[in-house]
Structure formats: C-alpha cells, structure tokens
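K.L.:
Here you go, one structure.
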Amino acid sequence: MVEQKPQQGLLPVPVSAMQNLITQRKDLIVKIGDAYEVSRPLALELWKMLVEEIVRAGGSIRETSRVEYASVEMVVVVSEVEIKVGESVIMLSEVGEAYAKEKGKEFTLARTAYTRAMKRLLERIAGEDFINQVILSLFPQKVKEAPASEKQKEYIRKLVGDGKLTKEYIDSLIAEGRLPEGFVLRTALENGLTSSQASAIISKVKGDRS
C-alpha cells in the first residue's frame with residue numbers, strides 16, 4: 001500500500017483543542033537537556049484526543065511502535081500509524097531518538113524516544129508543528145543549538161555506509177527547510193552538524209524505510 005500524506009481537510013485533527021490542552025497541562029511539559037518537551041502522559045492525552053475525533057468521524061486509527069536501535073548510549077524508536085477515513089487510507093511513520101547524555105524529569109531512553117516519535121506523528125498528521133508552537137509560547141527562552149553527539153554522527157555514517165542515506169534525502173530535507181541551503185553532509189559531519197539536524201536526517205531515513 002502506498003503511503004499517502006495527510007492533506008488539509010482530509011483528517012479531523014482538533015489542533016485548537018490540542019493546543020488548549022497543552023496550555024492547561026503545562027505541568028506535564030518537562031525539560032530534557034536544554035529543551036522543553038511534552039511528557040509521555042501529555043503525549044498520550046493528545047493522542048487520545050486525536051483518536052476520539054477520528055472515530056467520531058467514522059474512521060479508525062492503528063498505531064504500532066518498535067525499537068529500531070538500542071545501546072547504552074542511544075535508543076531509536078519507530079512509530080507507525082494507519083488511518084482510515086472513508087475511502088482514504090493514510091500510512092505514516094516517524095522516528096524518535098533519545099540519548100544517555102540527556103537528563104530530565106522522568107527521563108528514560110525508551111520512554112523519551114517513544115514520546116518523541118508520537119509527538120512527531122501528531123504534528124505530521126496535523127500538518128503543522130503545533131506542539132512546538134505552544135511550548136515556545138509558554139517557555140520562550142532561547143537555547144543555544146547543541147552540537148550533534150558522536151553517537152548521532154556515528155549512526156549517520158553507518159546509514160551512509162549501508163547505502164540508506166543518499167543525496168536525495170539531504171536534498172529533500174533542504175527543500176523542506178529542515179536543513180539549511182548549501183548543506184553538505186560530509187562537511188557538517190566534520191564540523192558544524194547540530195543535534196537537531198542529525199535528528200532530522202535520522203528521522204527522514206528511518207521513517208521512510210520503516
């Protein structure tokens with residue numbers, strides 16, 4: 001079955017209600033490393049709201065997750081979702097990563113990786129980064145972009161070596177605005193690759209290949 005991307009109006013996504021819920025449950029936003037993120041309980045509440053809305057519209061949704069990679073230093077979780085609304089079937093996949101060097105309230109590698117994958121799925125289904133928008137409004141502190149970890153760079157090099165990360169993926173991320181214009185992976189790996197850029201690359205490759 002060919003994956004379809006959600007289009008505006010195709011899915012009954014209660015974005016405004018979800019944004020209100022995040023604001024009301026500000027206590028369930030946690031700081032991990034230098035960034036504020038939704039906690040697993042809040043992500044599950046948001047997911048429940050989405051499921052209820054899709055079911056109310058006569059559709060169905062099925063979500064599955066698996067650990068794609070695990071070590072003492074890093075865990076990668078892939079979450080997949082199949083959504084049926086009328087004659088439309090949408091299949092999406094997102095990746096969440098967590099690193100041992102990160103610290104935060106209720107932080108565990110697997111839990112955090114899963115929560116990040118679920119959060120990315122929610123935003124992809126909605127077609128906008130509505131979760132980030134609310135968090136930035138609630139916690140507007142400017143945080144310096146962290147450099148990519150050696151584990152991230154090692155994992156990206158492995159993807160390149162295995163033939164799973166090609167120039168097409170980099171070009172696609174540049175076109176999506178997730179990597180800067182003129183981005184060269186080899187140069188970035190040697191000097192300047194950020195943690196968010198590394199996460200975007202890993203998510204793109206593993207999400208498309210799951």
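K.L.:
If we scan region 106-115, do we find a residue that is over 9 Å from the mean Cα position of the chain (by Cα) and either among the charged types (D, E, K, R) or farther than 25 Å from E154 by Cα (or both)?
P.N.:
Yes, region 106-115 has at least one match.
K.L.:
Which of the residues that make up region 183-203 are exposed (fewer than 10 other Cβ atoms within 10 Å of the Cβ) and not in a helix (DSSP H, G or I)?
P.N.:
Once the filter is applied, which keeps residues that are exposed (fewer than 10 other Cβ atoms within 10 Å of the Cβ) and not in a helix (DSSP H, G or I), region 183-203 yields only N191.
K.L.:
Going through region 132-172 one residue at a time, which ones are of a type in the set (S, T, Y) and either open to solvent by less than 40 Å² (accessible area, probe 1.4 Å) or modelled with pLDDT under 85 (or both)?
P.N.:
S149, Y155, Y169, S172
K.L.:
Tell me which of these E168 doesn't satisfy, since it passes every other one: (1) more than 18 Å from A200 (Cα to Cα); (2) more than 19 Å from the chain's Cα centre (by Cα).
P.N.:
So the condition that E168 fails would be (1).
K.L.:
Which pairs turn up if I take residues in region 89-104 that are closer than 15 Å to R124 by Cα and of a type outside the set (A, V, I, L, M) and look for partners that are open to solvent by 20 Å² or more (accessible area, probe 1.4 Å) and assigned to a loop (DSSP other than H, G, I, E, B) with beta carbon separation below 7 Å, at least 6 apart in sequence or on another chain?
P.N.:
As it stands, the answer is S93/S210, since those pairs meet every condition given.
K.L.:
Name the single residue, out of those in region 50-85 being part of a loop (DSSP other than H, G, I, E, B) and open to solvent by 70 Å² or more (accessible area, probe 1.4 Å), that is nearest to L159 (Cα to Cα).
P.N.:
Out of the qualifying residues, it is E73.
The values are calculated or read from the model by the stated rules, or taken from the named source; none is laboratory data. The structure presented is a predicted model; accordingly, all values stated were derived computationally and were not measured. With ideal geometry, Cβ positions are generated from the backbone for all residues, glycine too; neighbour counts draw on all protein chains shown. Please note that ligands, DNA and RNA were not included when accessible areas were found on the heavy atoms of the full protein model with its side chains. Shrake-Rupley method; radii C 1.70, N 1.55, O 1.52, S 1.80 Å.
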